Amino acid sequence: MLSEQDKVHDLFVIGGGINGAAIACDAASRALSVALAEMQDFAQGTSSRSSKLAHGGLRYLETFDFRLVREALVEREILMAKAPHLVRPLRLILPHVASQRPRWMISLGLFLYDHLARRRVLKRSQPLNLRKHMVGKPLKDDYRHAFAYSDCRADDARLVIANLLSAQRHRAKILARHRFMSARREKGLWRVEVRDPDGDVQVVSARALVNAGGPWVIDVAGKIEGIQTARKLRMVRGSHLVVPRQWIGEHGYFLQTRDRRLIEALPYESDFTLIGTTDEPWEDDPAKVAISEKEIDYMLGEVNAFLKRPVQRADIVWSFSGIRPLFEVGATRDGDLSTLTRDYSFEVDKPDGEAPALTIFGGKLTTHRRLAEHAMRELAKIMRWPKTCATAAEVLAGGEFGVRGLDGFRADFRSRHAWLNERQANRYVQTYGTRAEDLLAGCTRLADLGRHFGHDLYEREVRFLMETEWAVAAEDVLWRRTKLGLRLSHDEIRQLDVFMGHYG
């Protein structure tokens, strides 16, 4: 709820995906008064439906987008330091396909990938003989050579929550399930209307406005009086499959498809493999996005061109689709995605003497912090706000591991809570970082965790997520705050939903 003292803010952010959350975090860290409103649960759209990678974008080297790749590589290192439990090194194997790209070209691309930005943690790329190396065992004998290189796996939805918690730590007002209705300029301020979860319309004033609506950015802009955007947004569907684990080892595969695209197969949630992504135009409501049979056939066909043991349709345990809101950088033909950039862009509207509005187009998970820094720099030119950004060095909520690091904290945590089994203790640390201690405060035995809902999900964790992370339904807990939806039965999920309905 918005109380009386909350009704004038320096900045009002519309959208609780990764970009909106990062901007709220950055602005609040500058001691600005910030409010953020999200119409659904946080990260419910694109920001929980990514490829789960923080990466430089190796494929973008082919389009000579060196600036974007370098920026992403720099941010990859920063994110590992800001949230070591959520962004972790991943070794990727790129099998050579003779009919696609010559080995010298791949070697050159990886050399650039290694050297466009400074690396502190990640290993350099190297050539591999698949006949002699263990990473070749799952692959068909047709493939003899490969390259290994480094990127990072990332928990996209939890990065959103970590940014929001950090913004809240700096006194930002975070409003889940508050639908933006309209905004208009009035007496040098924005007069913003939002509808709360009870259906009541509340009004808040702000000195500046940010539209971080993602796939809904054009719709949001249409509700902001006086804002006209010239950008043409193109929505692209990216779909993924989750199947049981297909190989031993924590490495992933980056595969060259027969239509000269690239697709990943990655270790996921300990026991699973994530396959994706596709690139398909999407013209309908972003909220209706869903995987198609054609996409399933495509991904199975491409990954099975490499694996000795084929993945069957019956193996699929979960699939998800998301919308990437890309914008055009030139003329385009129907169905041609080549002129769509994965970069981001802003439009700033500031009539003389009036409150400014900044609209965000595009963006990637990996560059969310940099996007926020850039957005605040644009607004600071107008508003005379603090120009210093602390987010490159400031650790996100849960990432404060100190000199012993993640591994040291994990060992200490398991020692302090020896009554937990190893897998459960590790999951708590991987999910919540140092906040795992808050989760278990006062608990000394398994019975203290309360009702058991299935797998290692207990009432204590559910209450923690409802009280500290804005979760209100089983879907929020099982698919965004955690990925335990992969492990609970339909009946267990139903019981969890009933419990949360009563508790809420």
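The values are calculated or read from the model by the stated rules, or taken from the named source; none is laboratory data. This structure is a prediction, so every number in the text was calculated from the model and none was measured. Backbone-built Cβ (ideal geometry, glycine too); neighbour counts: all protein chains shown. To get the accessible areas, we keep the full protein, side chains included, count just its heavy atoms, and leave off ligands, DNA and RNA. Shrake-Rupley method; radii C 1.70, N 1.55, O 1.52, S 1.80 Å.
Observations on the model:
- Only residues that are loosely packed, with under 13 Cβ neighbours inside 10 Å and either part of a loop (DSSP other than H, G, I, E, B) or among the hydrophobic types (A, V, I, L, M, F, W, C) (or both) were counted across segment 92-125, and they come to 10.
- Among the candidates 84, 89, the residue that is open to solvent by 10 Å² or more (accessible area, probe 1.4 Å), assigned to a loop (DSSP other than H, G, I, E, B) and at pLDDT 95 or above is uniquely 84.
- Test result for residue 444, within 25 Å of residue 197 (Cβ to Cβ) and among the polar types (S, T, N, Q): no
- For the condition open to solvent by less than 50 Å² (accessible area, probe 1.4 Å) and farther than 30 Å from residue 209 by Cα, residue 236 does not qualify.
- Index of the failed condition, residue 248 passing every other in (1) surrounded by fewer than 14 Cβ atoms within 10 Å (Cβ to Cβ); (2) more than 27 Å from residue 214 (Cβ to Cβ); (3) in contact with a Ser or Thr (Cβ under 7 Å, 6 or more places away or on another chain): (3)
- Restricting segment 466-483 to residues that are in contact with a Lys or Arg (Cβ under 9 Å, 6 or more places away or on another chain) and in a loop (DSSP other than H, G, I, E, B) leaves a set whose member that is most open to solvent (accessible area, probe 1.4 Å) is 472.
- All positions within segment 256-278 that are surrounded by 15 or more Cβ atoms within 10 Å (Cβ to Cβ), of a type in the set (Asp, Glu) and more than 16 Å from residue 310 (Cα to Cα): 269
- Of the residues screened, residue 43 is not one that is crowded, with 22+ Cβ neighbours inside 10 Å and within 30 Å of residue 411 (Cα to Cα).
- Which numbered condition residue 147 fails, given (1) part of a strand (DSSP E or B); (2) within 21 Å of residue 69 (Cα to Cα); (3) open to solvent by less than 10 Å² (accessible area, probe 1.4 Å); (4) of a type outside the set (Lys, Arg): (3)
- Qualifying residue in segment 396-408 (condition: part of a loop (DSSP other than H, G, I, E, B) and surrounded by fewer than 21 Cβ atoms within 10 Å (Cβ to Cβ)): yes
- Residues satisfying the stated conditions in segment 17-40, i.e. of a type in the set (A, V, I, L, M, F, W, C) and part of a helix (DSSP H, G or I): 18, 21, 22, 23, 24, 25, 27, 28
- Single match in 278, 273 (criterion: over 23 Å from residue 214 (Cα atoms) and among the polar types (S, T, N, Q)): 273
Conditions tested, residue by residue: (1) in contact with a Leu (Cβ under 8 Å, 6 or more places away or on another chain); (2) closer than 16 Å to residue 83 by Cβ; (3) of a type outside the set (Val, Ile, Thr).
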{"position": "366", "(1), (2), (3)": "yes, yes, no"}
{"position": "388", "(1), (2), (3)": "no, no, no"}
{"position": "395", "(1), (2), (3)": "no, yes, no"}
{"position": "403", "(1), (2), (3)": "no, no, no"}
{"position": "420", "(1), (2), (3)": "yes, no, yes"}
{"position": "437", "(1), (2), (3)": "no, no, yes"}
{"position": "446", "(1), (2), (3)": "yes, no, yes"}
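- Lone qualifier among 365, 358, 371 - being in a loop (DSSP other than H, G, I, E, B), at pLDDT 95 or above and surrounded by 17 or more Cβ atoms within 10 Å (Cβ to Cβ): 365
- Those residues of segment 139-170 which are over 11 Å from the mean Cα position of the chain (by Cα) and among the charged types (D, E, K, R), in sequence order: 140, 141, 142, 144, 151, 169
- Check on residue 436, in a loop (DSSP other than H, G, I, E, B), aliphatic (A, V, I, L, M) and either more than 20 Å from residue 399 (Cα to Cα) or in contact with a helix residue (DSSP H, G or I) (Cβ under 7 Å, 6 or more places away or on another chain) (or both): no
- For segment 220-232, the tally of residues that are surrounded by 13 or more Cβ atoms within 10 Å (Cβ to Cβ), closer than 26 Å to residue 50 by Cα and at pLDDT below 95 stands at 1.
- Screening the candidates 271, 259 for the property of being charged (D, E, K, R) and within 24 Å of residue 102 (Cα to Cα) yields one hit, 259.
- Subset of segment 163-190 [in a loop (DSSP other than H, G, I, E, B) and in contact (Cβ under 8 Å) with a residue 24 or more places away in the chain]: 170, 171, 172, 176, 177, 178, 188
- Residue in segment 191-208 that is surrounded by the fewest Cβ atoms within 10 Å (Cβ to Cβ), counting only those that are touching a residue at least 60 places away in the same chain (Cβ under 8 Å) and farther than 27 Å from residue 284 by Cα: 203
- Hits in segment 439-465 (condition: open to solvent by 50 Å² or more (accessible area, probe 1.4 Å), in a loop (DSSP other than H, G, I, E, B) and more than 27 Å from residue 47 (Cβ to Cβ)): 441, 442, 444, 445, 451
- Taking segment 379-393 as the range and being within 17 Å of residue 25 (Cβ to Cβ) and buried (at least 17 other Cβ atoms within 10 Å of the Cβ) as the test, the residues that pass are 379, 380, 385, 389, 391.
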